[in-house]
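Below is one structure, written out as structure tokens; the observations come after it.
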């Protein structure tokens, strides 16, 4: 089959036939938890870490998917093995798991059948879009702190990776009005830095990596990788509240996210960070991360773009 497969509600189906109901709670309420993994050398990277977090999220929201972690590993590997064959030689896959609360009974009445109130479970892949990150990996990205604030932890715990993300959408929309290439860096209600819509944010101060606390940010798997690499390199790592003042006066700043791993941040609210170029410690972390996965992450992203041209 020359079409990607999707796992949807205990079935493997062609991607063109993978649909969920318009009255699914993921659509009606945004009641969805999710995870995203990526491949290196077309093999999943830290899949077990992501699935462990998925099951913690499922427990928190009270969803029972009737599948074990081991079963999800097997399904994920089967999908990757099939779908990776459809990639170019240099391509890699993003692997997405998402679970909704099932069909919303109030709206499902016209379906002609009882609503399926058990969770909707989907696993699918997509080719990593290297072209979105190629320039920013070399020159750094621009972040804007918008007026939209992060959802406070009193609403739901940020350790859950969820898709109820209208606030992120609005924040990025506001940031792009200022700079079409920028992303939003959200503050909490007290003015502390949290995260972007897709990444953890960290800074470097006098040789120490500083992260916002996880009181109101997702403890990312890629962020955890930075903590591990920092330990191996004897680089101090601390967590504390950060304000925009700290970020603007940092020596370096960067984002961590599964698809591109680590991206330099060279401008916040129009102000250059450090000398306005990717910093030495950021480059060092990327080099060591590349060694861990057995390829040059930045070079892979650049070559992936060239192969499409």
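Structural remarks
- Residue order, fewest to most beta carbons within 10 Å, for 131, 292: 131, 292
- Cα gyration tensor, segment 1-113 - rounded (a/c under 1.5), prolate or oblate: oblate
- The chain: most fluctuating residue of 168, 98, 237 per GNM, C-alpha cutoff 10 Å: 237
- Part-to-part distance (alpha-carbon centres) for segment 1-49 and segment 196-227, which is given in Å: 27
- Alpha-carbon centroid distance for the pair segment 238-309 / segment 56-104, whole angstrom: 28
- Bridge orientation summary for the chain: considering DSSP beta bridges with both residues in this region, about 85 percent are antiparallel.
- Ranked by the mean number of other Cβ atoms within 10 Å of their residues, highest first, the peptides 149-158, 13-22 come out as 149-158, 13-22.
- A Gaussian network model of the chain, with springs between Cα atoms under 10 Å, assigns the largest mean-square fluctuation among 57, 231, 290 to 231.
- Between helix 280-293 and the chain: long-axis angle, C-alpha atoms, 0 to 90°, nearest 10: 40
- Listed candidates (i) 1.38; (ii) 1.08; (iii) 1.03 - label of the one calculated as Cα Rg over 2.2 N^0.38 Å: (iii)
- Within the listed set 293, 96, 33, the residue fluctuating most in the Gaussian network model of the chain (springs between alpha-carbon atoms under 10 angstrom) is 293.
- Only helices enter this figure: runs of n ≥ 4 DSSP H residues, each worth -39500 (n - 2.57), summed and divided by the residues of the chain, yield -9500 deg cm²/dmol at 222 nm to the nearest 500.
- Between the helical axis of 69-84 and the longest alpha-carbon principal axis of the chain there is an angle of about 80 degrees.
- Taking the C-alpha atoms only, the angle from helix 297-308 to the longest principal axis of the chain is near 60 degrees.
Taken together, the values in this text are just the output of simple stated rules run on the coordinates, not laboratory data. A quick note: this is a predicted structure, and the numbers were derived from the prediction, not measured. Note that we place each Cβ from the backbone using ideal geometry, even for glycine, and neighbour counts take in every protein chain shown.
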